[in-house]
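Right, one structure below, let's go through it.
The values are calculated or read from the model by the stated rules, or taken from the named source; none is laboratory data. If you're wondering where the values come from, they're calculated on a predicted model, not measured in any experiment. Virtual Cβ from ideal backbone geometry, glycine too; neighbours counted across all protein chains shown. When the accessible area is computed, the model is the full protein with side chains, heavy atoms only, and any ligands, DNA or RNA have been set aside. Shrake-Rupley method; radii C 1.70, N 1.55, O 1.52, S 1.80 Å.
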Amino acid sequence: MSMIFKVLWGVRAVLYNLFFIINIRFPSYIGKPTYIEGKNIKIGKRCRIFPGLRAETHNGGAITIDSNVAIAQNLHITSGDDLFIGEGTCIAANVCITNIIHNYYDLSDSILNSGVMTKETKIGKHCFIGYGSVIQPGAILADNVIVGALSVVTGHIPSGSIVVGSPAKIIKRYNESTSSWEKVSREGFF
């Protein structure tokens, strides 16, 4: 990427900081187009956000992106509560992260009228989220988790895990005693 784009994207981040109610620490940059709705969006230092970001907070929700996070094109992130992305995480293109669930209990009415609820959703430090993945409400990724492309992640994923599929399953974990990635049982044990 040429330096001129980085400078222009840096200027855009300054303008977002001034005119929107988001907090961007520098030197971070954001590519266009960008859609931001709501308040309480915090972006740490040295974050690189490529074009197509859609960040939405609803009902007092917050999004916090820690420092040194790299985000590829077309991230869609929505929050109705606190949603956190840890330091050093890398997010590939076309990813969706949310903590919002529609309450669809009255089948005689549209889902648009059903209201929403939230589940805690968090991504730890130094994670990698593969292309086209979906991080569902209630997903808690500990540190150093790798999510394979096109995976749908729910539930708690322990540190040092590789998950793939829909729904995502743990296929390998990092074994500190052997310093290697090793296959695990269906339950995630060595």
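Data overview
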| item | result |
| --- | --- |
| Matching option when the condition is within 17 Å of the chain's Cα centre (by Cα) and either in a loop (DSSP other than H, G, I, E, B) or surrounded by fewer than 20 Cβ atoms within 10 Å (Cβ to Cβ) (or both), among S159, S185, S177 | S159 |
| Condition met for A139 (of a type in the set (G, A, S) and either over 18 Å from R54 (Cα atoms) or open to solvent by 70 Å² or more (accessible area, probe 1.4 Å) (or both)) | yes |
| Every residue from the range 120-177 that is within 26 Å of G61 (Cα to Cα) and aromatic (F, W, Y) | F128, Y131 |
| Candidates I22, I30, I63 - the one that is modelled with pLDDT of 80 or more, touching a strand residue (DSSP E or B) at 6+ places or on another chain (Cβ under 7 Å) and open to solvent by less than 20 Å² (accessible area, probe 1.4 Å) | I63 |
| Residue in the range 45-78 that is nearest to the chain's Cα centre (by Cα), counting only those that are more than 23 Å from P27 (Cα to Cα) and touching a residue at least 40 places away in the same chain (Cβ under 8 Å) | G61 |
| E120 being open to solvent by 20 Å² or more (accessible area, probe 1.4 Å) and more than 22 Å from V152 (Cα to Cα) | no |
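Listed here are the residues, each with its yes/no results for (1) in contact with a Ser or Thr (Cβ under 9 Å, 6 or more places away or on another chain); (2) under 17 Å from V147 (Cβ atoms).
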residue: P51; (1), (2): yes, no
residue: N74; (1), (2): no, yes
residue: S79; (1), (2): yes, no
residue: T89; (1), (2): no, yes
residue: D106; (1), (2): yes, no
residue: S114; (1), (2): no, no
residue: T118; (1), (2): yes, no
